[in-house]
Structures are given as C-alpha cells and as structure tokens.
1. Note the full-extension length gain between A:M154 and A:E93 as 0.36 nm times their separation in residues minus their Cα-Cα distance, in nm to one decimal.
2. Where the convex hull is taken over the Cα atoms of chain B, what is its projected area averaged over directions, in nm²?
3. Relative contact order for the range A:61-316: what is it in percent, counting Cα pairs under 8 Å that are at least 6 residues apart?
4. Once the Cα gyration tensor of the range A:169-264 is found, what semi-axes does its equivalent ellipsoid get, as square roots of 5 times the eigenvalues, in whole Å, sorted largest first?
5. So, counting K/R as plus one and D/E as minus one, what does the shell of residues with Cβ under 12 Å around B:T84 add up to?
6. Note down the magnitude of the dipole of the range A:373-428 about its Cα centre, charges +1 on Lys and Arg C-beta and -1 on Asp and Glu C-beta and zero elsewhere, to the nearest 20 debye.
7. Report Rg/Rh for the range A:61-316, rounded to two decimals, where Rg is the Cα radius of gyration and Rh the Kirkwood radius.
8. Per-residue counts of other Cβ atoms within 10 Å, averaged by peptide: what ranking do you get for A:245-255, B:49-59, highest first?
Amino acid sequence: MTAPADLRAPRPRDAADLRGAPASFDVRRVRRDFPILDQQVFGKPLVYLDNAATAQKPRAVLDALTRYYTQDNANIHRGLHQLSERATAAYEETRSKVRRFLNAASDTEIIFVRGTTEAINLVAQSCGRTRVGPGDEVLITAMEHHSNIVPWQMLCEEKGARLRVAPVGDDGELLTGEFEKLLGPRTRLVAVAHVSNALGTINPVKRLAEMAHRHGALVLLDGAQAAPHLGIDVRDLDCDFYALSGHKLFGPTGIGVLYGKESLLEAMPPWQGGGDMIASVTFEKTIYNRLPYKFEAGTPDIAGVIGLGAALDWLGSIDSTACRAHEDDVLAYATRTLAALPRVRLVGTAREKTGVLSFVIDGVHPHDIGTILDREGIAIRAGHHCAQPLMDRYGVPATARASFALYNMREEADALAAGVRRVLEVFR
Amino acid sequence: MNAPDLGDLYQETILDHNRQPRNFGTLPGANRTAEGFNPLCGDKVTVTLHVEDGVLKDIRFQGSGCAISKASASMMTESMKGKTRAEAEALFQQFHRLLTGEPAPPDESALGKLVVFSGVKEFPVRVKCATLAWHTLRSALENAHQVASTE
C-alpha cells in the first residue's frame, strides 16, 4: 500500500537512509529485541496482533527503566544533588528526542502527558475553553476514538457550542468533500485521527489542516495510531497540536506527548495547577512557569519519559523506509489472505491504510472469534474499539481487529488465517 | 497443556441456540422489561416478561451478542417459562454457581440442560457473557423498568 505524498515523506531521523545503503529490515533480528514475543500461549507460539491496543517493549526500554530505578532515581528540576541532575538530564534529553521525532521547531513545544487522551483533554480544556463560545463549532470525523469525541462533547456542552461530525464512506475513507463543507466561520477547532484505530485508514491530514486553516480553525491530530507506523513531521503537516501515546510506540504505559505550536501554547492558560508549573507562588498571585513546564504540573512520570526516550532511540536504529515497506507488505498479505476466506468481510478497505485489519465473520460474533483465536495463541482485539459511533455506521456491534507492528511477520498472518479457519469449523 | 478445550465451551446445544435463538423478540403485552449492557464489549439484551400472580407466564429476549450470551439468553427463556419468582431466583442462583463455583458447586439436577454452560467456568472473561441475560431478567423481576449492567 502506498502513502499519499504528505505521508510518504521520510521520518526526519532517516533522511540519511534514503541516500545511504540499500534498505534492509530483518524482522527476525528485530523480534529478538522483544523478549515477550518468545513464548507459548496454550501450547502455541504467541502471535501478538493487538498492537493498536498496546505495543510490546524492546529490551532497550526495559533496560532503561531498570537503569533509571537502580542508578538515577530522583525528582527532577529541583534537586541539587547528582542523582537529580542525572534524572533531569535524561528527562530533558527525551524532550529533544521527541522534538526530533516529530520535527518540531523547539523543545518548548513538547509537553509530557499521560497519553493521547490526556493530551486531547488538555487542549480541549485549556485552548478549547478560551477559544470556543456559544454557537461555535468543533469538527471531528466519524472515525474518531472515544477519546477524540468525548472531550469535545464535554467542551461543547459547557460552552453551548456544536459538535459537527464529518462522515466516512463505506470503505472507511473520510469523505473529504463533506468534511470541507462542514467547515465554516463558526468552526473553531478541528480534531482528526491521523490513522483510525478501528479501520487503519490514513487520513490526508495535511490537506485537512490546510482546509481548516483557511477557515481560521485550529487543528489537533490524534497521532496515537500513526506514530508507530508513519514518519511524522508536524511542521510539514502544519498541524497546531499533535497527540501521541508512548505505549503504542514501544515505550512504557502512562506516558504520552502533546506537541503544540509555541505561540498557541504561550497564549493558553495552564490546565492543572501544582508544583513545577509555577515560577513563584504567593497567596495573592502565582506566576506561571515558562513553556513547557507550564503544562507539566506535579512530579511527572520520569521513568516513563526516560523509557520513551529509549524507545525512540531504538526506533532510530531501525531503517524506517525498509521497515515501512515490511509493514505494508505484511498488512497487504494478511488482507489478501483473510479476504480469500469464506464468510469473512473486511471492515475498512481504504486505499491508504496502516497497521489495522478489522473484520467480521458472517454468523459469528467477534468475541467468539477472539476466544477461539486466543486458544490458538493469537491475541487480537474484539469489540467496538472505543469507536461505538463508527460501529453503528457500519451496522455491526463490534469487529475483530488484528493490528500489526513492525515485528509481525507474514507467518503470523498465516497463523491468523488458520485460526479464522478454525472459527469457521466451530461455527459451521 | 491447554486444559479447557474449545469444545467444552462451544457445545452443540449452545451453537444451536446461537443459530436459532428461542423466544427471540419483544413480548406483546409485557408487564415487565429490563435492558442489560456489558459495557466492556457493548453487548446488549432486552428482556420482556409477562408476570401474573407471581408466575412468569411468558418471556422473550432481544439483543446482539456473542454465541455464549445469545444461547444463554435463549435457554434461560425456555427454562424460566412457568416458574414462580422464587423458583426463578433459585435457578438464577444455581446458574451462577455453575459458572463461578461460588459459593458452592451447583445442584446439576436443578439446572437440567443448562449444564451445557459448565465449560464457561474455564473461560473467565466469558462468564459475563453468559450471565448478562440472567442479570437482566432479575432486574426486570425486581423492578418494572430497569437497566442492568455486568459491571
């Protein structure tokens, strides 16, 4: 599967790869970096295809967490001692790594949060509450995750604003013409998934951002599913905010990132009050800290940040062009293999996809698919994928979702197909 | 290696009720109804009843769910028809024991063909699927209009 021009851009970190040695990606070698993959479940080799829920962690991340807690653990930004200096340095180095990963202009544009959900809530509560008023509109799409729906619903309810929803087509592609029609002078904010968690659709977010900006709206991209698969260049996309989760990006749970354009973050009021986000406090008045600390109240997930840094370092050691080709190959192969089976219907067949294969089987509920595959050692997700409105759109209560990461192989797609054949046997 | 077998879960009777659920639909003239949700997976079921003189004269269910939840609802409606409220509660308790082993193993003679659900016990994440309709029936009996949840 090929990507549109704006998505085919190489990740910033691998610009050199394109000019250098021929692309190479040895999936078996990559798998050796993930200790968890080497195990049996119900006597069968584990086939982990639930990566859109959370990805597994390379040993480098596990080692970084152990190293931090065994050697450097201290609170940051205030200790005068050696351990605090080391912890602070590792924490802030990760900020620079994230800045490079996203090609942001400045470290001050990188805010550490708990995850994508918290990043979106931060923007809704801080930026949204100052920019959205009665009669204004917030535009999302029909393929959003609940975490990119509910924060905007809450905001709209509070402000008397209106939530508009751009529809998707039968194949799972956003109807960009409809999206554009829904933009207007009242549109204050636009929030769109870069990649759909339930369908795998890659949205043409650069084009959508252009459209939104022509109407003066700010643009937030939910990058939770895109970050593990695509090169991200926030300056090229020209989005105003970009949110991602560390745990889907081979890092620890509990850590995520909000990127925001500096001028916008400067103008936004703090969201949470507490330690580290202040410059000085008296009972009369508090002076807030500068960016990015203004948005990082309280002791952060220091270990999580350092683990995320290790994940980005590990990703940086991978030839991302070759990796993307491998991922595209495995997804295309799995798609072909599954589509050839009787009674199987794919949900989400957009031209531009990554990572996700959602399907239903005629006469079999996805939970039963999930249970039977589990007994074959295959981990998938069965359910509504926190996208109930999207399930309604396709007239299904749920789907079975196999989601792939860079360490998955064609052999695992074969195992999935064999598991689905077993489902068809049980449910004749 | 894998102790509980899939065949223990997906017994032929269960698959049959999944394919052809009995008493499926909405009962005209029902005087009790309740909705049940499993927020974990989005499964939902509506149970409609006609209760007269403390007896479950008729019962139907409607909803979407997995084979376990559908078959369980279907077989529940068959087992419950004609039961008094006390008998219904006793059967609920026996069914609960069958699936969880708590507080004690069930009296299998009281369960009749419902024992086909004994395999569910070995699949803990599926216990809620099997009990959704039963919790819904229970809340319909307790109150005229209720929403039951597995959580």
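1. On the way: separation 61, 0.36 × 61 = 21.96 nm, distance 3.51 nm.
Extra length available between A:M154 and A:E93 comes to 18.4 nm.
2. Values: hull surface 34.8 nm².
Result: a mean projected hull area of 8.7 nm².
3. Working: 504 pairs, mean separation 62.9, N = 256.
Relative contact order of the range A:61-316: 25 percent.
4. On the way: eigenvalues 105, 61, 20 Å².
Over the Cα atoms of the range A:169-264, the ellipsoid semi-axes are 23, 17, 10 Å.
5. Working: positive: B:K57, B:K81, B:K83, B:R85; negative: B:E52, B:D53, B:E87, B:E89.
Once positives and negatives cancel, what remains is 0.
6. Working: 8 positive and 7 negative charges, 31 e Å.
Computed charge dipole of the range A:373-428: roughly 140 debye.
7. Details: Rg = 18.5 Å, Rh = 18.7 Å.
In the range A:61-316, Rg relative to Rh is 0.99.
8. Working: A:245-255: 25.5, B:49-59: 16.8.
Top of the packing list down: A:245-255, B:49-59.
Values in this text are rule-based calculations from the coordinates and carry no lab data. Just so we're clear, the structure is a prediction, and the values are computed from it rather than from any experiment. Neighbour counts run over all protein chains shown; Cβ positions are idealised from the backbone, glycine included.
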